[in-house]
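Below is one structure; the comments refer to it alone.
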Amino acid sequence: MTERAGIVVPTIGTRPDFLPLALKSIRQAGANAYILLVGNQSFDPSSLIAEGLIDEYLVEPEPGLAAKINFGLRALPSDIRFFNWLGDDDLLTPGSLAACLERMAMPDNPVLVFGKCDYIDPKGAKVWQMPTSRWSVRLLRFGPQLMPQPGSLYSRAAFERVGGLDTSLGWAFDFKLFLDLSKQGNCVFLPRVLAQFRWHPDSLSVRGRRNSVAEASLVRQNNLPVGLRAISALWEYPVRQATYWAGVRLSRRLAVRPSGSGS
């Protein structure tokens with residue numbers, strides 16, 4: 001059987017304009033992706049199934065985004081060895097999933113492949129690119145998260161070894177997953193844009209920016225050696241401030257853009 005990747009898309013059904021675009025982008029990303037949509041009881045997936053945009057729809061068993069994603073990833077067909085999730089307002093770039101899958105299947109058995117990510121406005125225009133590089137893995141423990149979750153691909157076996165996503169976290173569960181996976185094996189950087197993250201006011205990470213930054217800081221500190229935790233405030237405060245205000249500046253930049261601007 002040809003290797004394929006699994007992608008879970010969690011949704012609450014309130015982004016009808018963005019969701020089909022997200023699903024189409026997964027199809028165009030290659031790797032014969034198996035797309036599993038997870039939502040609530042009231043959502044009707046029939047049109048998406050008819051159009052071939054999803055392979056399966058499951059109703060979430062419990063509230064909470066991390067729990068919904070865990071449920072979806074673990075419900076993927078057993079032959080799928082590599083997977084990720086994608087927000088229902090984000091996009092994968094053409095061929096990106098196929099490139100990640102090819103790298104994940106190489107003999108050195110990486111636990112994670114990640115790449116660059118463009119930030120786009122609600123209309124799809126690029127506004128920023130995360131400064132991601134192969135050094136982003138080492139920076140995880142002491143600096144901001146510069147490893148984009150959209151577009152990456154994980155080893156299913158490694159994901160289960162670390163216990164999946166931490167459902168006690170509301171925002172930084174992807175960050176903690178990267179930290180956990182980085183202790184399991186090789187994390188490989190692909191120098192190409194793999195995804196587009198849509199920056200808009202209704203996005204969870206945008207709406208809860210201050211809480212997201214604070215939670216990520218706690219995760220970082222908890223993963224430090226005990227001897228460094230006592231002095232971590234020396235660098236954690238400036239990292240938190242820089243991360244938070246970078247998001248504020250981006251939101252302000254979008255707010256002053258002319259309506260319909262694509263520049």
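Summary of values
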{"item": "In the stretch 78-88, the residues that are touching a helix residue (DSSP H, G or I) at 6+ places or on another chain (Cβ under 9 Å) and assigned to a loop (DSSP other than H, G, I, E, B)", "result": "I80, R81, L86, G87, D88"}
{"item": "Test set (1) surrounded by fewer than 21 Cβ atoms within 10 Å (Cβ to Cβ); (2) at pLDDT below 95 - R74 fails condition number", "result": "(2)"}
{"item": "Subset of the stretch 229-253 (residues that are touching a Phe, Trp or Tyr at 6+ places or on another chain (Cβ under 7 Å) and more than 16 Å from P131 (Cβ to Cβ))", "result": "W235"}
{"item": "Elements of type helices (runs of 4 or more DSSP H) contained in the stretch 181-263, each with 2 or more residues being modelled with pLDDT under 80, of a type in the set (F, W, Y) and closer than 28 Å to L112 by Cα", "result": "233-255"}
{"item": "Matching helices (runs of 4 or more DSSP H) fully within the stretch 3-77 where at least 2 residues are in contact (Cβ under 8 Å) with a residue 24 or more places away in the chain", "result": "19-28, 65-74"}
{"item": "Yes/no for I69 being under 19 Å from the mean Cα position of the chain (by Cα), at pLDDT below 95 and more than 22 Å from P94 (Cα to Cα)", "result": "no"}
{"item": "Residue selected from the stretch 89-138 under the condition β-branched (V, I, T) and not in a helix (DSSP H, G or I), by the criterion modelled with the lowest pLDDT", "result": "V127"}
{"item": "Unmet requirement for D174, which otherwise passes all of (1) modelled with pLDDT of 95 or more; (2) surrounded by fewer than 21 Cβ atoms within 10 Å (Cβ to Cβ); (3) within 23 Å of A214 (Cβ to Cβ)", "result": "(2)"}
{"item": "Total residues in the stretch 87-115, condition of a type in the set (A, V, I, L, M, F, W, C) and either free of Cβ contacts under 8 Å to residues at least 12 places away in the same chain or more than 23 Å from N186 (Cβ to Cβ) (or both)", "result": "2"}
{"item": "Output for the stretch 139-159, where each listed residue is of a type outside the set (G, A, S), touching a residue at least 24 places away in the same chain (Cβ under 8 Å) and not in a loop (DSSP other than H, G, I, E, B)", "result": "L153, Y154, R156, F159"}
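The values are calculated or read from the model by the stated rules, or taken from the named source; none is laboratory data. Keep in mind that what you see is a predicted model, and the values were worked out from it rather than measured. Quick reminder, even Gly has a Cβ in these numbers, built from the backbone with ideal geometry, and neighbours come from all protein chains shown.
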